[in-house]
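Here the structure is laid out as structure tokens; the discussion comes afterwards.
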């Protein structure tokens, strides 16, 4: 089956842990897909380094978010994707108050330089470049209830997709470069004292595998995702708060679905969940999300307006 181009791609920063732009599908030329995703994530156990524990002073830490997203097809081989989430954090115990507000805006350029059908199978290759930056002056030094890590990032991802009939496999790997951040104190301790308010943020590598069923109306996939911090991070010290430059590793499994309505072909419903099975200096979170997306043909709309 030929690749389906009429699709809405999702982009949510890793900190929110939802669906991302990582799939083997492109938006058709002049089409604009927009919508929103609501997500709920919670955990009551976390890894302090490699030691998994609970903290009665936090109870259950939860994050609710709603992200506005869009994807424009510059061509059948070039897409521009953006996302802007609003985040609300909460702890069920203790004295730490949750935070709410806009997090980081993200922009991704997705390019498909190669696609070829051999026999009954279609092979595709993609390159993705992404940027993100905070849009508000939130505090990153308030983990685990901060809105984000407040670091400007740049990423490069290479992705391959194989589809035979309705069944597919997609694998990708990315390197994420993080900019340094500043915190509201003149010194801090990691493995040694730092007499500065500037924090060196470790880079990260992300590997993602997706296997599932893909048709014109339904996508259902199982997902394995591994996020690994690079050198420069450190572990949470015993009974201490997390810090933005901690090593943060996460192995997640999940499922994702997308269904396009037959009577309203421009409208799609998405939903899914993922669970952290192994980690380092992060919460063992369970995440559930759902959303609505609609596709507009901007060229057709412009022609209709001219008439």
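The values are calculated or read from the model by the stated rules, or taken from the named source; none is laboratory data. Since we're looking at a predicted model, the values are computed, not measured. Here the Cβ is made from the backbone with ideal geometry for all residues, glycine too, and neighbour counts use every protein chain on show.
Taken residue by residue, the range 279-287 has no member that is at pLDDT 95 or above, under 30 Å from residue 49 (Cβ atoms) and surrounded by fewer than 14 Cβ atoms within 10 Å (Cβ to Cβ). Scanning the range 190-205 for residues that are touching a strand residue (DSSP E or B) at 6+ places or on another chain (Cβ under 9 Å), in a strand (DSSP E or B) and either at pLDDT below 95 or farther than 30 Å from residue 252 by Cα (or both) yields 194, 198. When each of 151, 172 is tested for being out of contact with any helix residue (DSSP H, G or I) (no Cβ under 9 Å at 6 or more places or on another chain) and either modelled with pLDDT under 95 or over 22 Å from residue 236 (Cβ atoms) (or both), the lone residue that passes is 172. From the list 232, 271, 254, 266, which one is without any contact (Cβ under 8 Å) to a residue 40 or more places away in the chain and either touching a helix residue (DSSP H, G or I) at 6+ places or on another chain (Cβ under 9 Å) or exposed (fewer than 15 other Cβ atoms within 10 Å of the Cβ) (or both)? Result of the check over 232, 271, 254, 266: 232. When restricted to residues that are within 20 Å of the chain's Cα centre (by Cα) and more than 20 Å from residue 81 (Cα to Cα), the range 273-302 contains 16.
Among the residues of the range 100-123, those identified as under 22 Å from the mean Cα position of the chain (by Cα) and in a strand (DSSP E or B) are 100, 101, 102, 104, 105, 106, 107, 108, 109, 110, 111, 112.
In this structure, does residue 295 turn out to be touching a strand residue (DSSP E or B) at 6+ places or on another chain (Cβ under 6 Å) and not in a strand (DSSP E or B)? Here the answer is no, as residue 295 does not meet what is asked. Restricting to the range 213-229, and then to whatever is surrounded by fewer than 16 Cβ atoms within 10 Å (Cβ to Cβ) and touching a residue at least 40 places away in the same chain (Cβ under 8 Å), can you tell me which residue is nearest to residue 192 (Cα to Cα)? The extreme case among them is 213.
The condition (being at pLDDT below 95 and surrounded by fewer than 17 Cβ atoms within 10 Å (Cβ to Cβ)) is satisfied by just one residue among 95, 60, 117: 95. Kindly establish whether residue 161 is modelled with pLDDT of 95 or more, farther than 19 Å from residue 249 by Cβ and in contact with a strand residue (DSSP E or B) (Cβ under 7 Å, 6 or more places away or on another chain). The answer is yes for residue 161. Only one of the numbered conditions (1) within 23 Å of residue 161 (Cβ to Cβ); (2) free of Cβ contacts under 8 Å to residues at least 60 places away in the same chain; (3) surrounded by 16 or more Cβ atoms within 10 Å (Cβ to Cβ) is not met by residue 245, and that is (1).
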